[in-house]
Every structure is written in C-alpha cells, then in structure tokens.
Amino acid sequence: MYIVKRLFTMLMTIWVIASLTFLIMKMIPGDPFASDADVLPPEVLQNIRAKYNLDEPIAAQYLLYMKDLATFDLGISIQSETRSVNMIIAEGAPASALLGLQALVIALAFGLLLGIVAALHHNRALDYLSMFIAIIGISVPSFILAPLLIKYFAVEWGILPVASWGTWQHSILPSLALAATPLAVIARFMRSSMLEVLNQNYIRTADAKGLSTTKLVVRHGIRNAILPVISFIGPLFVALITGTFVIEKIFAIPGIGRYFVDSIFNRDYPVIMGTTIFFSTLLVVTLFLIDISYRFIDPRIKLTSGGE
C-alpha cells in the first residue's frame with residue numbers, strides 16, 4: 001500500500017513540475033522566432049508557429065503538450081528542426097550520467113572512508129586531517145578545481161588526457177572535479193552520524209564483550225550510521241548530473257548540459273521544458289528508490305501507509 005501511494009505521489013509531482021515548467025515558459029516575454037520575422041515571409045513564419053502549436057491558445061497548447069508527454073514525446077527542437085528532444089536527451093544523457101555516476105562513486109568511497117576515520121580518531125590528528133580535507137573540498141568550487149587538475153595532471157605531468165571524450169581516461173579529471181564537494185559533505189555527514197552511533201549503548205555493550213574495532217564498525221557502526229548518507233544520495237546523484245554543466249564546458253564533454261545551456265540562449269522552449277522534466281523525473285524516481293531501499297538497509301524500518 002505504501003509503494004502504491006508513493007507511486008501516485010511521484011506521478012502527481014511530475015505532473016505539477018511539468019505544468020509549472022510549461023506555464024513559466026509561456027510567461028517569459030518574447031518569441032523564439034522573433035529574429036526570423038525580418039527574413040522569412042509571414043506565411044512561412046505562420047506555418048512554423050503552427051508546427052509548434054504556438055498559434056493555439058495557451059490552454060490548447062497545454063493540453064496538446066500534456067497529451068504528447070503522456071506518450072513520452074517531448075517535442076521537436078526549435079533550433080534543430082530535424083531532431084526531437086528525446087533524441088537530444090538520448091545523445092547527451094549517457095555522458096552526463098557516466099560522469100555523475102563516477103563522481104558519485106568517488107564521493108561515496110572516499111567520503112565514507114574519511115568520515116569513518118575521523119569518527120574513530122575523534123579529536124586526534126587523523127580527525128583534524130580528514131575534516132581539513134573536507135573543508136577544502138567544500139570551499140573550492142568545481143570550476144576552480146577543474147583548471148587546477150588540467151594544469152597539473154594534463155599539461156605539466158601529462159598523466160591524463162583533457163578536452164576530449166572517448167575513453168575512460170577522459171572521464172577521470174572531470175569526475176574528480178565534480179566529486180570534490182559532495183565527497184566533503186558526505187565525510188562530514190558520516191563523521192557526525194558515526195560519532196552518534198558509537199556512543200549508543202549497544203555499541204558499548206559489544207565493545208565490552210571484546211568485539212574487535214573492525215567487527216564493531218563493520219557489523220554495527222556503518223550500517224546504522226550510513227542511513228543519513230543514504231537519504232543524501234538521491235538528491236546528490238541528480239545534483240551531480242545537473243551540476244556537470246560547467247564541468248562539461250571546461251572539459252568539452254558532449255553531455256546534456258551543453259544542450260540545456262544552448263537552449264536557454266536560443267529560447268528553445270521544447271528543449272528547456274524537456275530537459276527540466278527529464279531531470280525532475282530522475283530526481284523523483286531516485287528519491288522513490290531511496291525510500292524503498294531503507295527497508296533493506298535497516299529491517300527495523302517498516303514501509304506502511306502510516307509513514308513509519
């Protein structure tokens with residue numbers, strides 16, 4: 001029952017986001033074909049507007065758009081009339097998703113490690129060192145870290161390639177630049193959560209029974225301390241994909257961010273709405289999967305309609 005309720009809520013959320021995106025696009029003053037008014041005959045311009053249903057009342061445009069959206073048709077790009085928005089997303093999403101996934105893996109692996117080490121060595125040298133690294137990661141934006149990585153790893157040392165896309169080596173530097181901030185945030189989350197768990201009575205009891213530190217942390221500590229981090233993974237993953245726009249530009253990556261930025265400058269309404277709905281749907285679905293995963297991570301959590 002809980003899953004059915006969450007599915008309904010998820011669909012309603014996507015519908016509200018799609019509706020608001022449509023209305024906001026219509027509230028923006030101007031016309032995407034205003035620049036063509038001086039070079040195209042009025043009849044041709046009218047046919048083009050009719051192709052995109054811009055000659056219809058806003059209510060009719062909304063119903064037509066929702067009808068197409070129900071069949072997963074996001075429309076045709078205004079700037080590239082031979083390509084649909086679905087094709088544009090299909091072309092750019094794999095590179096952005098790969099970049100986001102790699103950054104997420106890096107952020108989780110090293111963020112959890114730093115957080116656990118800091119908690120186990122609370123108020124000691126390793127704790128201060130781990131949190132210093134975390135502060136650096138939060139303080140230095142990805143668009144500043146990216147040129148530094150390029151300067152040393154690509155230009156001076158020649159270890160990794162840059163400004164191209166093709167092999168897995170090309171994704172290392174942008175993934176590192178993108179993972180720095182979430183890595184730091186995860187480290188701080190995990191440190192605080194682990195410190196709280198290590199002070200629980202059942203941890204002290206297990207320690208008093210002579211359980212080794214490794215078994216204590218792996219069997220009891222991490223599983224309970226990681227729950228707040230799991231809550232953070234859903235929005236983090238989508239933020240990493242949507243946050244690749246600047247990184248994709250710096251490293252010349254053919255991701256979806258390039259199309260989204262170009263569509264804003266070109267007033268390409270179908271691409272703007274399509275990519276916005278795509279990212280919003282990705283976020284909502286990810287949050288739904290995270291909610292479901294709680295039950296498998298901690299059996300004490302029950303998925304009921306009452307929200308327990």
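Points to keep in mind about this one:
- In order along the range 218-230, phi translates into HN-Hα couplings of 6, 6, 10, x, 4, 4, 8, 6, 7, 4, x, 5, 4 Hz, rounded to whole numbers, per the Karplus curve 6.51 cos²θ - 1.76 cosθ + 1.60 with θ = phi - 60° and x for Gly and Pro.
- Taking amide H atoms as placed 1.01 Å from N in the peptide plane, the amide H of Ile76 lies under 5 Å from those of Val85, each 5 or more residues away in sequence or on another chain.
- Each Lys and Arg Cβ is given +1 and each Asp and Glu Cβ -1; about its Cα centre, the chain then shows a dipole of about 1600 debye.
- Each helix, a run of at least 4 DSSP H residues, gives -39500 (n - 2.57); summed and divided by the residues of the chain, these come to -22500 deg cm²/dmol at 222 nm.
- Relative contact order %, the range 102-192, counting alpha carbon pairs below 8 Å whose residues are six or more apart: 51 percent
- Per-residue Karplus couplings for the range 249-266, computed as 6.51 cos²θ - 1.76 cosθ + 1.60 with θ equal to phi - 60°, are listed in order as 5, 5, 9, 6, 9, x, x, 6, x, 4, 5, 5, 5, 5, 5, 5, 5, 8 Hz, Gly and Pro entered as x.
- The calculated FRET efficiency for the pair Val155 and Met27, based on their C-beta separation and a Förster distance of 45 Å, comes to about 0.50.
- Straight-line cross-link reach from Lys151 at under 20 Å between alpha-carbon atoms covers these lysines, not counting any fewer than eight positions away in the same chain: Lys249.
- Short-range pairs are left out: with C-alpha atoms under 8 Å and at least six residues apart, the relative contact order of the chain is 28 percent.
- Protection proxy ranking of 163-169, 82-88 - average other beta-carbon atoms within 10 Å, highest first: 82-88, 163-169
- Each peptide in 91-104, 145-158 was scored by the mean count of other Cβ atoms within 10 Å over its residues; highest first, the order is 91-104, 145-158.
- Average accessible surface area per residue within the chain, 1.4 Å rolling probe, Å²: 54 Å²
- Contact order relative to length of the range 136-189, as percent, for alpha carbon pairs under 8 angstrom and 6 or more apart: 48 percent
- Spin-label model distance (nm) - Glu91 vs Arg49, 7 Å beyond Cα toward Cβ: 2.9 nm
- Percent accessible area from carbon and sulfur atoms, the chain, protein chains only, probe 1.4 Å: 68 percent
The values are calculated or read from the model by the stated rules, or taken from the named source; none is laboratory data. Since the model is a prediction, treat every value here as computed from it, not as a measurement. Glycine also receives a Cβ, built like all others from the backbone with ideal geometry; neighbour counts cover every protein chain displayed. Protein only, heavy atoms only, side chains kept; ligands, DNA and RNA dropped before computing areas. Shrake-Rupley method; radii C 1.70, N 1.55, O 1.52, S 1.80 Å.
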